[in-house]
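A.B. asks: Sharing a structure below in structure tokens format, with a few things to ask.
What follows draws every value from the coordinates through simple rules; no lab data is involved. From a predicted model like this one, the values you see are computed outputs, not experimental measurements. Ideal geometry is used to build each Cβ from the backbone, glycine not excepted, and the neighbour counts take in all protein chains shown.
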Amino acid sequence: MADSEPANQKPAGRTALISVGRIWTIAASTFTQLVRMKTFYFLLAFAVLLVAAGNLNILFSAVEQLSMIKKVSFGTMDLFAWLFAIVATALLIPRDLEDRTLYTILSKPVLRIEYLLGKLIGVLVVILLSLVTMFVIFSALLHIRTIDFLHTEVAILEQAGRSQEMIQAEAEAIIAQGLRKEMWVALWAIFLKSAVVASVTIFLSTIASSSLFTIIISTIIFLVGHASQMMIDFWKDQFVDNIVVKMLAGLFRIIVPDYQIFSFYEGIILGEKVLPHLVWSMTGMSLFYVGVFLLLGLLVFFDKEF
Amino acid sequence: MSVPAVEVTNLTKVFPVSLRKEYVVAVDNLSFQVNAGEVYGLIGPNGSGKSTSMKVVLGLMAPTEGETRIFGVSSRDVRARNDIGFLPENPYFYKHLSGAETLKFYGKLCGMRGRDLKDRIGELLELVGLEHAKDRRLGGYSKGMLQRIGLAQALIQRPRLVILDEPTAGVDPVGSRQIRDLILKLKEDGISVFLCSHLLEQVQEVCDEVGIIFEGRMRREGKLEDLVSIGNQTSLVLENASSELVDKIERLIETEGDGAELVEKGNPRTTLERMFIRIASSEKQEKEEN
């Protein structure tokens, strides 16, 4: 057996107030955990789906087909991001508790906020990397298909003896459906949405002891969140001067995030212009929601007994 | 006098059991201390409050009343945990990490980095005999191996206090002996050890001081030798005594004993286990009578 250190030697690490190093250590471990859980098989499925969608050129025109590739791709990215944010986040804390890994982590000089932040960041890094990977695959395929359609359509129109104006118009229509740098904003919107979903889920998992309960409630909040603004407007119309309703609506707005603020990305992928103030307000709202739910989670987790 | 490694003062922990204001007192006004460099064993049956006390000491639970301190720092203060290494009962670590990665993870949580961490990992893998399995994922480790990697993670930041909850639960006799030797080695190096165990023989082998807890209250506490000795009995241990001499002594007791009588020949001693059972059953009997 090797010698242990003498007891009077100072311990190796000293505790700072909040340590970025410890947060990152937990985030990195969460990242490894999720990656080794074969998360990235989803990416393979995504690539296969995209290639299949990109080659279905039986029924659609070039413009329609490019539009379909974009809708399928972003729809899949969106689905992956929010679903993964709910399921992965809901599993993390209860599993640590069940396996008593939480005991060994929290008996080290780790603040509870560091643990929560580390878990959240770990999930978000996996989502971000997955989204970027999917976006790169999507961009490559879209670019290849755009060039392909452009050559084919132009050749067909030239053969058919169409005018240069008509050929030009068709070419522009195809290019307009191709890759645009604004699509990064759409990707950013999907990521921010998943960050809000993950923070809601992490808050719920500090209260609940069951992953299934967390997944169900988080999904319900997600679904209701798509109609929250509509519901608030309805209540306000029905009870115009009622202060209690106004307060309840305000509380509802905080408890149930308005997921509709992210939906403008659908317009972006179809070629609409990006309005900078919408991007800023969406980013600000997302940070607000993440902050609120993280704080609520911390309030519960801070005094939680294990 | 040096600051105690663990100081538990009038600790009470109450759990609500329903919404009708019903409570269970898990720990009732418990006080004890583990002196620096000492091996202290807290023993008691299931549900006696051992693990609850341990969790309060570790800061995983808040006391209802009283306080716990680690080297003078409140358990609620995260800095107290710089000095603690903890091994829970039947530990499960991240299955996706290898043995070396697990130690690296815990080392980093303690602020260790670079060469120091790398060397420490190598040192501990050697200490617990898992060098051959350092790159294997923990999902493929046996129970005994998990216990040993658990011990290594507890020691990663060179803590001054090691807290062990049933350290040999589910470990085979050989592994159990290794853990016992390791505890003795820690003691030799001046590291304080606070352990809970059901394996009373083992507690007897390694502990300097023992506390017996039953229904949340400390029933007996003290130096091991004092606890296991029988106050009104005296043992004479003779070497190479002839049977004539033994007979002579017996006759002497009969004739000039002044009330003294020979209880048994041989080595009159109790075991911690026997004493523990005696205390537990008398408490139970007392409770039933009331």
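A.B. asks: Size of the stretch B:120-253 along its principal axes in angstrom, Cα-based, largest extent first?
C.D. replies: 69, 39, 27
A.B. asks: Calculate for chain A the 222 nm mean residue ellipticity that helices alone would give, adding -39,500 (n - 2.57) per DSSP H run of length 4 or more and normalising by residue count, nearest 500 deg cm²/dmol.
C.D. replies: Numbers: 12 runs with 231 residues, N = 306.
Taken over chain A, the calculation gives -26000 deg cm²/dmol.
A.B. asks: Expressed as a whole number of Å, what is the distance separating the alpha-carbon centroids of the stretch B:107-178 and the stretch A:243-264?
C.D. replies: The stretch A:243-264 and the stretch B:107-178 have Cα centres spaced 50 Å from each other.
A.B. asks: Take each of the peptides B:171-181, A:270-280, B:67-77, average the number of other beta-carbon atoms within 10 Å over its residues, and list them starting from the highest. List each step's numbers first, then the result.
C.D. replies: Values: B:171-181: 15.8, A:270-280: 12.5, B:67-77: 17.7.
The packing order, highest mean first, is B:67-77, B:171-181, A:270-280.
A.B. asks: Could you work out the mean count of beta carbons from other protein chains within 10 Å of each residue's beta carbon in B:95-104?
C.D. replies: On the way: counts 4, 7, 4, 0, 0, 0, 2, 3, 0, 2.
For this peptide, the per-residue mean of nearby foreign Cβ atoms is 2.
A.B. asks: Return the average number of partner chain Cβ atoms within 10 angstrom of each residue Cβ along peptide B:127-135.
C.D. replies: Numbers: counts 4, 2, 1, 0, 0, 0, 0, 0, 0.
Mean shielding count: 1.
A.B. asks: Projected onto the charge dipole of chain A (+1 at Lys/Arg Cβ, -1 at Asp/Glu Cβ, origin at the Cα centre), which of A:Gly271, A:Ile221, A:Phe31 gives the Cα projection farthest towards the positive end?
C.D. replies: My answer, from the dipole projection, is A:Phe31.
A.B. asks: By per-residue mean of other Cβ atoms within 10 Å, what is the highest-first order of A:113-121, A:172-180, B:218-226?
C.D. replies: Numbers: A:113-121: 22.7, A:172-180: 16.8, B:218-226: 14.7.
Packing proxy ranking, top to bottom: A:113-121, A:172-180, B:218-226.
A.B. asks: Rounded to the nearest 0.05, what FRET efficiency is calculated for A:Glu272 and B:Ser281 with R0 set to 56 Å and r the Cβ-Cβ distance? Provide the component values of the computation, followed by the final result.
C.D. replies: Working: r = 81 Å, r/R0 = 1.44.
Rounded to the nearest 0.05, the efficiency is 0.10.
A.B. asks: Where the only charges are on Cβ atoms (+1 Lys, Arg; -1 Asp, Glu), what is the dipole of chain A about its Cα centre, to the nearest 20 debye? Write down the numbers at each step before the final one.
C.D. replies: Working: 22 positive and 23 negative charges, 183 e Å.
Computed charge dipole of chain A: roughly 880 debye.
A.B. asks: Another one. Compare the Cα positions of B:Gly37, B:Met61, B:Ser48 along the charge dipole of the stretch B:2-80 (+1 at Cβ of Lys, Arg; -1 at Cβ of Asp, Glu; about the Cα centre) and return the one farthest towards the positive end.
C.D. replies: B:Met61
A.B. asks: Nothing charged except the Cβ atoms of Lys and Arg (+1) and of Asp and Glu (-1): what's the magnitude of the dipole of the protein assembly as shown about its Cα centre? Round to the nearest 20 debye. Show your work: numbers first, answer last.
C.D. replies: Working: 61 positive and 67 negative charges, 362 e Å.
My answer is approximately 1740 debye.
A.B. asks: Step by step: find N for the protein assembly as shown, compute 2.2 N^0.38 Å, then divide the Cα radius of gyration by it. What's the final number? The partial results should precede the final answer.
C.D. replies: On the way: Rg = 33.3 Å, N = 596, 2.2 N^0.38 = 24.9 Å.
Normalised by 2.2 N^0.38 Å, the Cα Rg of the protein assembly as shown equals 1.33.
A.B. asks: Let's test the formula: R0 of 45 Å, r as the Cβ-Cβ distance of A:Asp303 and A:Glu64. What FRET efficiency results, to the nearest 0.05? Numbers along the way, then the final one.
C.D. replies: Details: r = 57 Å, r/R0 = 1.26.
Computed FRET efficiency for A:Asp303 and A:Glu64: 0.20.
A.B. asks: Okay, moving on. Can you give the local net charge around B:Gly44? Use residues other than it whose beta-carbon is closer than 10 angstrom to its beta-carbon, Lys and Arg +1, Asp and Glu -1. Numbers along the way, then the final one.
C.D. replies: On the way: positive: B:Lys50, B:Arg217, B:Arg219; negative: B:Glu215.
Spelling it out: positives minus negatives among the neighbours equals +2.
A.B. asks: Averaged over A:17-29, how many beta carbons belonging to a partner chain fall within 10 Å of each residue's beta carbon? Walk me through the intermediate numbers first.
C.D. replies: Working: counts 1, 0, 3, 0, 5, 4, 0, 1, 8, 3, 0, 2, 9.
Partner-chain Cβ atoms within 10 Å, mean over residues of A:17-29: 3.
A.B. asks: Between B:Asp116 and A:Ser139, take the C-beta separation as r, use R0 = 35 Å, and let me know the FRET efficiency to the nearest 0.05.
C.D. replies: Values: r = 44 Å, r/R0 = 1.26.
So, using R0 = 35 Å, E works out to roughly 0.20.
A.B. asks: What three numbers, in Å, describe the spread of the alpha carbons of the stretch A:135-197 along their principal axes, ordered from the longest?
C.D. replies: Dimensions of the stretch A:135-197 along the principal axes of its Cα atoms: 54, 20, 15 Å.
A.B. asks: Additional query: How long is the gain from A:Glu172 to A:Thr283 if the chain were fully straight, where each residue apart is worth 0.36 nm and the alpha carbon distance is subtracted? Mind dumping the intermediate values first?
C.D. replies: On the way: separation 111, 0.36 × 111 = 39.96 nm, distance 3.22 nm.
Once the chain is fully extended between A:Glu172 and A:Thr283, it gains 36.7 nm.
A.B. asks: Same structure again: Using 0.36 nm times the number of residues separating B:Val237 and B:Asp189, minus their current alpha carbon distance, what extension gain do you get?
C.D. replies: Values: separation 48, 0.36 × 48 = 17.28 nm, distance 3.30 nm.
Answer, rounded to one decimal: 14.0 nm.
A.B. asks: Another question, if that's okay. Quick one: putting +1 on the C-beta of Lys and Arg, -1 on the C-beta of Asp and Glu, what dipole do you get for chain B around its Cα centre, in Debye to the nearest 20?
C.D. replies: Values: 39 positive and 44 negative charges, 423 e Å.
Charge dipole of chain B: 2040 debye, to the nearest 20.
A.B. asks: Another one. Check cross-link reach from A:Lys181 to the lysines: straight Cα distance under 28 Å, and skip same-chain residues fewer than eight apart.
C.D. replies: A:Lys70, A:Lys71, A:Lys193, A:Lys273
A.B. asks: Over its Cα atoms, what ratio of radius of gyration to 2.2 N^0.38 Å does chain B give? Provide the component values of the computation, followed by the final result.
C.D. replies: Details: Rg = 22.7 Å, N = 290, 2.2 N^0.38 = 19.0 Å.
Working it through for chain B, the quotient is 1.20.
A.B. asks: Turning to a different aspect of this structure: Name the residue from A:Val196, B:Phe214, A:Gln177 whose Cα lies farthest towards the positive end of the charge dipole of the protein assembly as shown, charges +1 on Cβ of Lys and Arg and -1 on Cβ of Asp and Glu.
C.D. replies: Projecting each Cα onto the dipole axis, the largest value belongs to A:Gln177.
A.B. asks: Let me ask another. Only residues of the stretch A:279-293 count here: report those whose backbone N is under 20 Å from the spot 7 Å along Cα→Cβ of A:Leu251, or say none.
C.D. replies: Backbone N within reach: A:289, A:292-293.
A.B. asks: Calculate, in nm to one decimal, what A:Ser209 and A:Ile113 gain on full extension: separation in residues at 0.36 nm each, minus their alpha carbon distance. Can you show the working numbers first?
C.D. replies: On the way: separation 96, 0.36 × 96 = 34.56 nm, distance 1.87 nm.
In short, 32.7 nm is gained.
A.B. asks: If you don't mind, there's one more thing I want to ask. Let me know the whole percent of all Cα-Cα pairs from chain A that are separated by more than 30 Å. Before the final figure, lay out each step's value.
C.D. replies: Numbers: 21762 of 46665 pairs.
Tail fraction, whole percent: 47.
A.B. asks: Which log10 I(q)/I(0) values does the stretch A:158-306 give at q = 0.10, 0.12, 0.22 Å⁻¹ under the Debye formula, counting every alpha carbon as one identical point scatterer?
C.D. replies: For the requested q values the scattering log ratios are -0.51, -0.66, -1.30.
A.B. asks: Between the helical axis of A:276-302 and the dominant principal axis of chain A, each derived from Cα atoms, what acute angle in degrees is found, rounded to the nearest 10?
C.D. replies: 20
A.B. asks: Next question. Based on alpha-carbon centroids, what's the gap between the stretch A:98-129 and the stretch A:154-184 in Å, whole number please?
C.D. replies: Each part's Cα centre sits 51 Å from the other's.
A.B. asks: Here's something else I'd like to know. Roughly what angle does helix B:143-155 make with the longest principal axis of chain B, taking Cα atoms, 0 to 90 degrees, to the nearest 10?
C.D. replies: 80
A.B. asks: Right, something else. For the modelled label position 7 Å from the Cα of B:Lys21 along Cα-to-Cβ, which residues of the stretch B:39-74 have backbone nitrogen atoms closer than 20 Å?
C.D. replies: It comes to B:64-65, nothing else.
A.B. asks: May I pose another question? With 28 Å as the limit, write out which pairs from B:Lys13/B:Lys95; B:Lys108/B:Lys187; B:Lys265/B:Lys287; B:Lys50/B:Lys223; A:Lys246/B:Lys21; A:Lys119/B:Lys21 have Cα-Cα distances beyond it, or answer none. Working shown, then result.
C.D. replies: Working: B:Lys13/B:Lys95 33 Å; B:Lys108/B:Lys187 26 Å; B:Lys265/B:Lys287 36 Å; B:Lys50/B:Lys223 19 Å; A:Lys246/B:Lys21 36 Å; A:Lys119/B:Lys21 35 Å.
B:Lys13/B:Lys95; B:Lys265/B:Lys287; A:Lys246/B:Lys21; A:Lys119/B:Lys21, as the Cα separations exceed 28 Å there.
A.B. asks: So, one more: Given the rule -39500 (n - 2.57) for each run of at least 4 DSSP H residues, summed and divided by the residues of chain B, what is its mean residue ellipticity at 222 nm, to the nearest 500 deg cm²/dmol?
C.D. replies: Only helices count here, giving -11500 deg cm²/dmol.
A.B. asks: Hey, another quick one. Once you have the Kirkwood Rh of the stretch B:164-232 from its Cα pairs, apply Stokes-Einstein at 25 °C and 0.890 mPa s and quote D in µm²/s.
C.D. replies: 187
A.B. asks: In percent, what relative contact order does the stretch B:6-228 have, based on Cα pairs under 8 Å that are 6 or more apart in sequence? Intermediate values should be presented prior to the final figure.
C.D. replies: Numbers: 424 pairs, mean separation 64.3, N = 223.
Over the stretch B:6-228, the number comes to 29 percent.
A.B. asks: Follow-up question, since we're still on this one. To the nearest 10 degrees, how steep is helix B:173-188 against the longest Cα principal axis of chain B, on a 0 to 90 scale?
C.D. replies: Compared with the principal axis, the helix lies near 90 degrees.
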